[in-house]
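**Student:** Below you will find the structure I want to go over with you.
Read-outs: derived from the displayed coordinates by stated rules, not from any lab. Worth saying up front: this structure is predicted, and the values here are computed from it rather than measured. Every residue, glycine as well, gets a Cβ built from its backbone with ideal geometry; the counts of neighbours run over all protein chains shown.
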Amino acid sequence: MQQKIVITGGPGTGKTTLIKELEKRNFNCTPEISRQITQTAREKGIDHLFLEDPLLFSKLVLDGREQQYIDATSNSASIIFFDRGMPDVHAYMNHFKNEYPDIYLKKCKRYRYDSIFLLPPWEEIYTTDDERYETFELSISIYKHLKIAYTELDYKIVEVPFGNVSFRADFILERINF
C-alpha cells in the first residue's frame, strides 16, 4: 500500500529544503506548484496572481495538487512526499478571508493523505524571494490556519521540530512505516 505524506507549514519554514533532502535519499517527492503558477503568471505580466485574483490562483493550485495526487496513485513507489497538500489551499483562503466554492473541501475530503508533517514558523531560517512575498508574521498566521484546516479534516498532525535538514528528515522517516 502506498503512503502519501504531506510536508506543510507556513512560508519559509524549510519545506522545500526538506523535500530536496528526501529526494537526495531517493524518495519520490512532488514539488510545490504554487511557485510554478506564480512564475507563469509573471511571464504573462501578472506580478502577484494570488493577490490580484485569489480564487483563480487557488483553483489553479488545487487543480495542480489534485493532479499530483492522481499521478502519485499510478506511481509504483511505496512512499510519496508532497510539498504541501490540497487542504493548504483552503487554509490560505481562510487566512485571507476569501470565499471559495464547496468543491475545495470536497476534494480535500475525497483525496486523503496518510500522514501530515507540519513545520512551525522558524524566524532564523525565514527569507523572502521573488515568489515569497509574505512576512514572517504572516507566516505565523498561515501556520495557524494550516493547523486548523488539517485538524478540521480529521488529520493527526505531527509537528517537526527545529534542527538541520538531516535531523528533520530523520525525524519524519522515523515516524512513518516502511
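**Student:** Which order do PHE167, PHE117 fall in if you start with the one that has the fewest other Cβ atoms within 10 Å?
**Tutor:** PHE167, PHE117
**Student:** Let's test this: bin the Cα-Cα distances of the stretch 3-173 at 10 Å from zero up to the farthest pair and state each bin's percent.
**Tutor:** 10, 40, 39, 11, 0
**Student:** Using a 10 Å cut-off on Cβ atoms, rank the peptides 45-55, 86-96, 70-80, 16-26 from the highest mean neighbour count down.
**Tutor:** Output ranking for 45-55, 86-96, 70-80, 16-26: 86-96, 16-26, 45-55, 70-80.
**Student:** While we're looking at this one, here's another question. Would you work out the relative contact order for the chain, in percent, from Cα pairs under 8 angstrom that are 6 or more residues apart?
**Tutor:** 36
**Student:** Restricting to the stretch 3-173, compute how many DSSP beta bridges are antiparallel as a %, nearest 5.
**Tutor:** Working: 0 of 16 bridges.
Given both bridge residues lie in the stretch 3-173, the antiparallel proportion sits at roughly 0 percent.
**Student:** Follow-up question, since we're still on this one. I need the peptides 30-43, 151-164 ranked by packing, meaning the mean over residues of other C-beta atoms within 10 angstrom, with the highest value on top.
**Tutor:** Details: 30-43: 16.9, 151-164: 13.7.
Packing proxy ranking, top to bottom: 30-43, 151-164.
**Student:** Using Cα positions and a limit of under 17 Å, work out the lysines in reach of LYS20, with same-chain residues fewer than 8 apart set aside.
**Tutor:** Result set, ordered by chain and number: LYS4.
**Student:** Now a separate question. As a quick test, which of the pairs LYS97/LYS156; LYS24/LYS156; LYS59/LYS106; LYS44/LYS97 have an alpha carbon distance above 20 angstrom in this structure?
**Tutor:** Table pairs above 20 Å Cα-Cα are LYS97/LYS156; LYS24/LYS156; LYS44/LYS97.
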